[in-house]
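Notes follow the structure.
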Amino acid sequence: MPISSVTDVVEKSFDYIIVGGGTTGLTIATRLSENPGISVLVLEAGAANFDHPLITKSSQHGFHFGNPDLDWCFQTTPQKHGLDVTYNWNRGKTLGGSSSINFQLWVHPPKADVDNWERLGNPGWNWDMFERYSNKVYNVDKSKLQVEGWKIWDATKSYGTGNVKVSLPNVIDSDVKFRESLIKMGIPKAPAPYHGNPNGAYINIGTYDPVDHSRVDATKAYLRPNLLRPNLVVLASALVHNIIFESAETSGDGDLVATGVQFSCINNKTCQTAYAHKEVVICAGAIKSPQILELSGIGQANVVKQIGIPLRIELPGVGENVQEHQVVGVAYELKEDCPDMTFDILRDEKEYVNQGKLFMQGKGVHTIGITNLTYAPLSAFSGLDRAKALYSTQKRKIEECINKGIYPPGLEEQYNLLLDLLDPEKGNPDVELVGFPGYISFPRPPIPGKKYYTLCAVLNHNFSRGTIHATSSNPYANPEMDPHYFENDIETQSLVETVKWLRRLAQTMPLKENLDHEHNPGPEVQTDEQLEEWVKKGSITVFHTIGSCSMLPRDKNGVVDSDLKVYGTKNVRVADLSVVPLHIACHTQSAAYVIAERAADIIRSSASY
């Protein structure tokens, strides 16, 4: 059926209630509703936004940000170790969630990163699982996998046959020269970027429809082809407040049974109820999912008590173990005679309209994308000796903290895996480089009318651990988000070393041919101390928050088990990026879809299905 009205939902019963109609929520709902005997309700806080031009037209990176019709507009607390800078954590508030406003990159993580999930106590959550389920998600445009001799696909592997169309967007001249300069600087081509080994430089694909270049999000790939199913009910602009349980208090050692949820519509905040016969599945993302649990009385006792909610299940891991990627961009103004189109031209209103017309013809800036990614060990940019020194300092700090017993349960195991993974002698990928055809650099703004190419450095395996917690019983109040950026100096120094290397890359032919001068940070920033300050002022999030409802053993501060079921409940699951216990060197869109597809299979294989 089409998008429902509130009267179709209030006081009605469904087999499954999906909280959140984003990337994972729509995937799970679509899969469960394949059984015509099963009824599924999706409650999404954002609007439907079908055919919204800011969504359907590709490569409008950042144009959604700050738009309350599409973006939650989250902000972190001022960062204690980061010069009190506050970060914008933009997330999709719409059907499709962040798949509708992201930068459209389709990236697979290294094998070792995913295998670490299993090592932390989650049987079956490993690389083989990831590859199997990712094949079920995407549908690749085979004709565009061989470009300029860059092998990005293992011909012995199967191609994806799923709903999410991915293809290679058009590239500009600076993209080609970026790759050629990387090779001259000693960065190898990645041997198998989509098959577990992205160590090196490669051309990446994205969620672009190969026919019309439009964005492919969860709405387009999963929901809209199946929207007329009579057993799939979708209510937009409906914010879930909390889960309803059979009993307000736990009974002995018995697990709580969820019977439904309370919610309200954005234009009418009267609290309403919908009921679930079988399960409630929370897919609200790493920022909202822990808040919903806390508003339901599940979490740290002191947090739940402070917001005035009766404690139902004490789970100290809710809202903890938060990990996020960070990026900093060194922006170069392109020479006047450089013919490249870049995303910068969309800042001009007249050109924005013109590019919209070109898009309808399959031309213009909306058909280009971010196609240059490099994953490499820190030593590739800092040199082996410097990488060893930073690593040794961090390892010594962790060992001292372990000896003092100051880490919460489970963190020691995570750090031991990270230290093994990031040992400079092993050469595993950690730092990421991105060639961005436009301006994505802070805090200095771009000059109107100019075109830029930005060389980005990304941290993928932060040691810092943050928190996300509700501070009010009001479901419309955003939770407090503190990622603890730069709490570990190795993160600051890794970015500094990589920025220095990127400056050398900019002086390397043939990329140098296209670049006029460095606009940000600019020649006045030279010393390590100046670079440290600039990194802390100019870094931003990569919108890859994980860990706030970690899939770990309960005694290791886990929130969900390996079947994604919330500890202490019989029929509540969390299925989104919040369950990832340890971060991956990867843009996380593919991981979100994989989690969703696996969750759907777990639910369907359970006795309750």
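Brief remarks follow.
- Counting only strands (runs of 3 or more DSSP E) that sit completely within the range 199-284, those holding 1 or more residues that are closer than 30 Å to Gly356 by Cβ correspond to 200-203, 232-235.
- Given (1) over 29 Å from Asn557 (Cβ atoms); (2) outside any loop (DSSP other than H, G, I, E, B), number of the condition Pro443 does not satisfy: (2)
- Screening the range 158-183 for residues that are touching a helix residue (DSSP H, G or I) at 6+ places or on another chain (Cβ under 8 Å) and surrounded by fewer than 17 Cβ atoms within 10 Å (Cβ to Cβ) and picking the one that is modelled with the lowest pLDDT gives Ser158.
- Hey, Asn557 out of contact with any helix residue (DSSP H, G or I) (no Cβ under 9 Å at 6 or more places or on another chain) and at pLDDT 95 or above or not: no
- First in the range 117-139 and within 16 Å of Val107 (Cα to Cα), second anywhere and outside any helix (DSSP H, G or I) and basic (Lys, Arg), Cβ under 7 Å, 6 or more apart: Asn139/Lys165
- Selected residue [at pLDDT 95 or above and surrounded by fewer than 18 Cβ atoms within 10 Å (Cβ to Cβ)] from Asn116, Asn122, Asn126: Asn126
- Among the residues of the range 299-343, those that are surrounded by fewer than 20 Cβ atoms within 10 Å (Cβ to Cβ), closer than 30 Å to Asn557 by Cβ and of a type in the set (D, E, K, R) comprise Lys305, Glu314.
- Subset of the range 119-128 [on the phi < 0 side of the Ramachandran plot and more than 19 Å from the chain's Cα centre (by Cα)]: Arg119, Leu120, Asn122, Pro123, Asp128
- Unmet criterion (only one of (1) out of contact with any Lys or Arg (no Cβ under 7 Å at 6 or more places or on another chain); (2) surrounded by 21 or more Cβ atoms within 10 Å (Cβ to Cβ); (3) farther than 23 Å from Tyr202 by Cα; (4) of a type in the set (S, T, N, Q)) for Asn102: (3)
- Filter result for Gly254 (farther than 21 Å from Leu120 by Cβ and in contact with a Cys (Cβ under 7 Å, 6 or more places away or on another chain)): no
- Look at the range 439-466: where a residue is closer than 16 Å to His325 by Cβ and a partner is charged (D, E, K, R) and in a strand (DSSP E or B), sitting 6+ places away or on another chain with Cβ atoms under 6 Å, you get Val458/Glu432; Asn460/Glu432; Gly466/Asp482.
- Filter pass, Lys305 being farther than 30 Å from Thr454 by Cβ and either at pLDDT 95 or above or of a type in the set (D, E, K, R) (or both): yes
- Residues being part of a loop (DSSP other than H, G, I, E, B) and of a type in the set (S, T, N, Q) - total across the range 408-439: 1
- Any hit, the range 67-75, residues being closer than 26 Å to Tyr133 by Cβ and either surrounded by 21 or more Cβ atoms within 10 Å (Cβ to Cβ) or of a type outside the set (S, T, N, Q) (or both): no
- Looking only at the range 151-198, and only at residues there that are basic (Lys, Arg) and in a strand (DSSP E or B), the one that is nearest to Lys136 (Cα to Cα): Lys165
- If the condition is being assigned to a loop (DSSP other than H, G, I, E, B) and out of contact with any helix residue (DSSP H, G or I) (no Cβ under 7 Å at 6 or more places or on another chain), then the range 466-479 contributes Thr471, Ser472, Asn474, Tyr476, Ala477, Asn478.
- Meets criteria (crowded, with 24+ Cβ neighbours inside 10 Å, touching a residue at least 60 places away in the same chain (Cβ under 8 Å) and not in a strand (DSSP E or B)) for Ile287: no
- Every condition in (1) farther than 30 Å from Ile282 by Cα; (2) polar (S, T, N, Q); (3) touching a helix residue (DSSP H, G or I) at 6+ places or on another chain (Cβ under 7 Å) is met by Thr527 except one, and the failing one is (3).
- Considering (1) of a type outside the set (Asp, Glu); (2) crowded, with 24+ Cβ neighbours inside 10 Å; (3) without any contact (Cβ under 8 Å) to a residue 40 or more places away in the chain; (4) on the phi > 0 side of the Ramachandran plot, the lone condition that Ser59 does not fulfil carries the number (3).
The values are calculated or read from the model by the stated rules, or taken from the named source; none is laboratory data. For clarity, every value in this text was computed on a predicted model and none was experimentally measured. All Cβ positions, glycine included, derive from the backbone under ideal geometry; neighbour counts span all protein chains shown.
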